[in-house]
Amino acid sequence: MSFLGKLERVDPRAIYLLLFLVISIPLIRPIGLPISMSPMTISYYDVVEKIKPGDVVVISMDYGPASMPEQYPATKATVAHMAAKGAKIVGLGFWADGVPFMDRAFKEILGASKDHPKYGIDFVNLGWVPNGEVGMAALGKDVQATCTKDYYGTPIGALPMMKDIKSGKDFKLLITIASGTPGVPEWLRQWQAQFGLTTITALTAVSAPGVRVYFPAQIAGIIEGLAGAAEYEVLLARYGYKGTLAPPMDAQSLSHLLVIIFIVLGNVGFALKKYGKGK
Amino acid sequence: MSVAMRRNLPLVITFIAGMLVIGDYYFKVPDYNKLIADWLKFVNVAATFAVVIGMGTLTRIHVRRLSQHKQGWHNSLALLIALYGLLITGLVLGEGRFTEHPTYAYWFNNLYVPLDSTIFSMLAFYIASAAYRAFRARSAEATVLLISAVVVMIGRAPIGPALWSDLGPITSWIMAVPNTAGIRGITIGVALGVLSMGVRVLLGRERGYLGPGA
Amino acid sequence: MTIPEILGTLMAAAFTLMIYSFFYKENKAYRLAEHIFIGLAVAHGAVISSKYMWDTALTPLLMKGETYWILPMLVGLLFFFFFSKKYFWVYRIPISTVVGTGIGLGMAGLMRSQFTDQIRQTIGLTDPKAAWYSGSYPINAVLIAIGVIGTLFFFIFTTEQKGPLLYASHIGRWTMMVAFGAAFGFTVMARMSLLIGRMQFLLDYPTGVAWYLIPVAMLILAAVVLMERSKAAKKA
């Protein structure tokens, strides 16, 4: 078989193995590539920096375990940043399998969730709200009637910080950590457009190009995928936040290089075949 | 109930429900807005029952496969054990704490989360394989697409700006200008399309959502 | 780590590797893991829906005597008629309620967020002090406007595209090619991130225990490959 033929007939399992190695090696032995800043991440950070102590912020977990590796780091970093700014956090979610991550983030960043002495005073987890856009609309009109109990079964009336939260108007900032539907467009339609609420989002990278059209008038800041989360961690270093995404970003760099090499190799083979036949 | 009534009642309900909430968006009348707020709460509760369709269909298919000992019946058994095992853990053994109960959380975190994450992570291997075998610059447009993809891939990862500091701003320009322009045009077009589809559904011209025989 | 934590991590790692075994070839371990996932996913949806039902409707109904919650629950119960051949039409009542409400909400909201606001942003004021790669830099704002109009012209099919319409449509096509290229780049980024997350879990050394299963999986794979080769050799 000619070289061109071999080039075209590579066993996909060889490609899989190569990818596995390219990702694993930097995780075991990090390279230490510097993380550069994106203007989107800086805009997200700047919005949170403007939050004053006591401002009520809603963080919505609109992702599931499928995109957890990309978005859970952004969740933790956001909770840490909010806590550093003294904001009051209302956690909830429209994805049934994403809501447990809010509880996990509270435990990892704040030390505890419902057993925390400040639970109900500085932060709450209202749990899952069903039915996507219909649920968002219902929540925006009447928070207390849509979420009658929190994630742990405590009646909402027993949570001191929720006493003055009646509707979407009573929040200062909306943060949606989104990866699909329901997600950003639904929040924009039902909350941002209705209440003029400042909205920022931490997205899975797949959704990022589609959400850029809303920046900056409708969405004031965007964290784009794992790279955005890594940049955000760097910005939070001033608050003593210890980032963990440097080795994964090395793996990301090498995997991107590998995909580019594959594209180039594949097209070289294609061009050689095409122009070889032309002769 | 007559056949005509059975056919038209759902269409009338769709129209009324849709017009009520559209009216609420544009008219600020306190009593009306309060009514719609209650309506949304009720619909929220009613719609939650839809999960039984998924459960019932899945159970029916896999119990049939199990009882007839069709090929792969042991997978059906595993599915039913997983489904009803977790269901019983959450509803019966959960002591009223549902998903927050430690036993439920244990199975959720150590079984469901890894499985979901892993199944989606398989896409990385497929995209690498597709990059090698399928992404060809067969035309000028495809070449532009690939060049844009390569610039964005290398510009968004740390290695790009480490090799050439201008790659970051160039990537930002691509996202801010041509990407925004293209996607915005599509967004506006999609909005008009959704609007016209919505009008068709509300007026009963589109009945696919009602299931077979509508 | 406690014993349950170790066992939980090993279980997670085992199922992860069972799913990845698909890359060698389709096999029973992968099918089993896939079926278990589907069962768990549906169960989780049911449990969390039950919690919402209990908190929002059943508790007020049973504890506070708010009897009006019976209404949405009765409408919701009509979903069960999905399984009836004779009374299937009853299932259409709750479906039409939900769909009508959802469509109305979507239509009302999108005219502002996805139409007028988008147009407003396209023709909005520019900022000469913005960075050269920012969308609000004057020349970029003009380019965005041209690109948006070109893209919209690309989708005009009611008349033959010729003359100025054709040129505008070409601008739209090229704009979209760059946009789709960027979208592809970000898609690669997203998928790789997911894989990196799983690899981080599997290769968590020395604190984690998941990595113990990697040599086990490699031994099993080697055994399977050897068995297949010997079978193939015997056939030959």
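Tabulated results
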read-out: Whether the protein assembly as shown is rounded, prolate or oblate, judged on the alpha carbon gyration tensor where a/c under 1.5 counts as rounded; value: rounded
read-out: Within the stretch C:69-107, trypsin sites (Lys or Arg not before Pro) in DSSP loop having at most 11 other beta-carbon neighbours inside 10 Å; value: C:Lys85, C:Lys86
read-out: For the stretch A:50-84 and the stretch C:8-78, distance of Cα centres in Å; value: 24
read-out: Mean Cα-pair separation over length for chain C, i.e. relative contact order, pairs under 8 Å, 6 or more apart, %; value: 14
read-out: Exposure proxy order (Cβ contacts within 10 Å, fewest to most) of B:Ser196, A:Ser207, C:Ser113, B:Ser129; value: B:Ser196, B:Ser129, C:Ser113, A:Ser207
read-out: Number of partner chain Cβ atoms within 10 Å, mean per residue of C:128-134; value: 4
read-out: Trypsin sites (Lys or Arg not before Pro) within the stretch B:123-180, DSSP loop, no more than 14 other Cβ atoms inside 10 Å; value: B:Arg138
read-out: Counted charge near A:Gly64, where neighbours are those whose Cβ lies closer than 13 Å (Asp, Glu -1; Lys, Arg +1); value: -4
read-out: Relative contact order of the stretch A:39-244, pairs being alpha-carbon contacts under 8 Å that are 6 or more residues apart, as %; value: 28
read-out: Peptides ranked, highest mean first, by Cβ atoms within 10 Å: ranges A:86-98, C:187-199; value: C:187-199, A:86-98
read-out: Formal net charge of residues neighbouring A:Ser179 (Cβ-Cβ distance under 10 Å; K, R +1; D, E -1); value: -2
read-out: Chymotrypsin sites (Phe, Trp or Tyr not before Pro) lying in DSSP loop within the stretch C:73-134, provided at most 15 other Cβ fall within 10 Å; value: C:Tyr87, C:Trp132
read-out: Exposed-site-free run, longest, chain C (rule: GluC sites (Glu not before Pro); DSSP loop; at most 11 other C-beta within 10 Å); value: C:27-159
read-out: Ordering of C:202-208, B:116-122 by burial proxy (mean other Cβ atoms within 10 Å per residue, highest first); value: B:116-122, C:202-208
read-out: 5 Å-binned pair-distance histogram of chain C (Cα, whole percent); value: 1, 5, 6, 7, 9, 9, 8, 8, 11, 13, 12, 8, 4, 2, 0, 0
read-out: From phi via Karplus (6.51, -1.76, 1.60), per-residue ³J(HN,Hα) for the stretch A:51-62 in Hz, x at Gly/Pro; value: 5, 9, x, x, 5, 9, 10, 10, 10, 10, 8, 10
read-out: For A:Val259, net neighbour charge (Lys/Arg +1, Asp/Glu -1) across residues whose Cβ lies under 14 Å away; value: +3
read-out: Cβ neighbours within 10 Å from other chains - mean over A:262-272; value: 5
read-out: Helix-only [θ]222 nm of the protein assembly as shown, DSSP H runs n ≥ 4, -39500 (n - 2.57) each, per residue, nearest 500; value: -20500 deg cm²/dmol
read-out: Taking the stretch B:136-207 and dividing mean pair separation by its residue count, relative contact order in percent (alpha carbons under 8 Å, at least six apart); value: 16
read-out: Alpha carbon convex hull of the stretch A:39-244, projected area averaged over orientations, nm²; value: 9.8
read-out: Peptide A:153-160 - average C-beta neighbours from other chains (10 Å radius); value: 2
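Read the figures in this text as sums done on the coordinates, not as results from a lab. Note that this is a predicted model, so its numbers are computed, not measured. Positions of Cβ are backbone-derived with ideal geometry, glycine not excepted, and every protein chain shown enters the neighbour counts.
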